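Beneath this line is the structure, given in structure tokens, with notes to follow.
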Amino acid sequence: MIIVAHGGVGSRKALADGPLKAAKKSGAVLKNGGSALDAAVAGVMALEDDPRFNAGTGSVLRFDGTVQMDAAVMDSENNYGAVACIQRVKNPVLVARKVMDSPHRLICGDGATQFARVQNFPPYNPITPKAIANLKRVKSRIAAGKIPGWIKRFRKEPWRSMVGCDTVGMVVSDGKGNFAAAGSTGGTSYMLPGRIGDTPLIGCGIYAGKKGAVVATGVGEEIIKRMLSKEVYEKINRGLSPQQACEWGLTLFERTVPIGVIAVTLNNYGIAASHQMASAILKK
Ligand code: ASP
């Protein structure tokens, strides 16, 4: 089996114990007979519950002070489920997993939150003091004229100061030809309510197929335009190693844009990031 977990591009390497713990949880699920999908979900849940990362508890706030989270799961049997802008749940990835079993593939906003309630996910407040402080900092930057117009100046400012990333994700190969991917995020630091990033969009933040699984992190707006996860998967499909494919994926973006990609195949894995990224590998 091979499991790779990341704590989001931009996350300090010193936080790698988070992805490592998640990868071990995921590995334990596989060891106990769980599927690659079960393992990916369990690992991402562990990262959602770690308030140091921007997913589940600890998610960044939108400009209006709300937390709206995106999550997705996919496996190599072409099963996919996702939620976008879901609020007041502890583990969006678990709700995405439920969507996979529903007649729909992606549910967003109030509908996603209502779906979670019907599925017995109790109301939960994922807001942390750190997230509140982050929004204050973002707003004071805007007030000070450092970022006067969100979209107007977006491309002119150095990306790193504009975007707080720390999304979490995981790719799993069970060693028997089954693959799964899962991702979860609170989004980026500069975000309007209702904005949906790459994480819940098939082929953008997540993809899995018969040859492997891929998860992306970074500026969702840029990842979506390039359908990064599917493009990286196709490179693997055509014979590139997962490491070569992930590195190729980064070349699609300007160097300053924070982007990270992880991938697994039957016997191999790849990790590439334009900026620092806490990650972990479990290979047995
Ligand atoms: N890709 C995520 C988003 O744009 C953010 C991240 O990966 O940190 O919502």
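Quick look at the numbers
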quantity	calculated
Selection from the stretch 1-28 of residues that are of a type in the set (A, V, I, L, M) and open to solvent by 40 Å² or more (accessible area, probe 1.4 Å)	1, 14, 20, 28
Residue tally, condition at positive phi and either at pLDDT 95 or above or touching a strand residue (DSSP E or B) at 6+ places or on another chain (Cβ under 6 Å) (or both), over the stretch 56-93	4
Matching entry among 169, 164, 183 (being modelled with pLDDT under 60, surrounded by 20 or more Cβ atoms within 10 Å (Cβ to Cβ), of a type outside the set (Ser, Thr, Tyr) and under 23 Å from residue 96 (Cβ atoms))	164
Among the residues listed as 208, 180, the single one being under 17 Å from residue 92 (Cα atoms) and away from the ligand (no atom under 13 Å from the Cβ)	180
Which numbered condition residue 263 misses (of (1) closer than 18 Å to residue 23 by Cβ; (2) modelled with pLDDT under 95)	(2)
Filter result (farther than 20 Å from residue 122 by Cβ and open to solvent by less than 20 Å² (accessible area, probe 1.4 Å)) within the stretch 47-69	47, 53, 54, 60, 61, 62
Residues located in the stretch 203-261, provided they are of a type in the set (Phe, Trp, Tyr) and either in contact with a helix residue (DSSP H, G or I) (Cβ under 7 Å, 6 or more places away or on another chain) or on the phi > 0 side of the Ramachandran plot (or both)	207, 248, 253
Selected residue (criterion: modelled with the highest pLDDT) from residues of the stretch 148-161 that are surrounded by fewer than 19 Cβ atoms within 10 Å (Cβ to Cβ) and in a helix (DSSP H, G or I)	154
Residue in the stretch 230-251 that is within 14 Å of the ligand (Cβ to nearest atom), under 30 Å from residue 139 (Cα atoms) and in contact (Cβ under 8 Å) with a residue 24 or more places away in the chain present	no
Identity of the residue in the stretch 189-198, open to solvent by less than 10 Å² (accessible area, probe 1.4 Å) and not small (Gly, Ala, Ser), that ends up nearest to the ligand (Cβ to nearest atom)	198
Residue 222, sole failed condition from (1) at pLDDT below 95; (2) closer than 19 Å to residue 23 by Cβ	(2)
Matching residues, the stretch 77-97, being over 17 Å from residue 125 (Cβ atoms) and of a type in the set (D, E, K, R)	77, 97
Single residue of the stretch 59-73 satisfying the filter (away from the ligand (no atom under 12 Å from the Cβ) and of a type outside the set (Ser, Thr, Tyr)) that is nearest to residue 94 (Cα to Cα)	73
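The values are calculated or read from the model by the stated rules, or taken from the named source; none is laboratory data. It should be emphasised that the depicted structure is a prediction, and the values quoted were computed from it without experimental measurement. No Cβ is skipped: glycine too gets one built from the backbone with ideal geometry, and neighbour counts run over all protein chains shown. Protein only, heavy atoms only, side chains kept; ligands, DNA and RNA dropped before computing areas. Shrake-Rupley method; radii C 1.70, N 1.55, O 1.52, S 1.80 Å.
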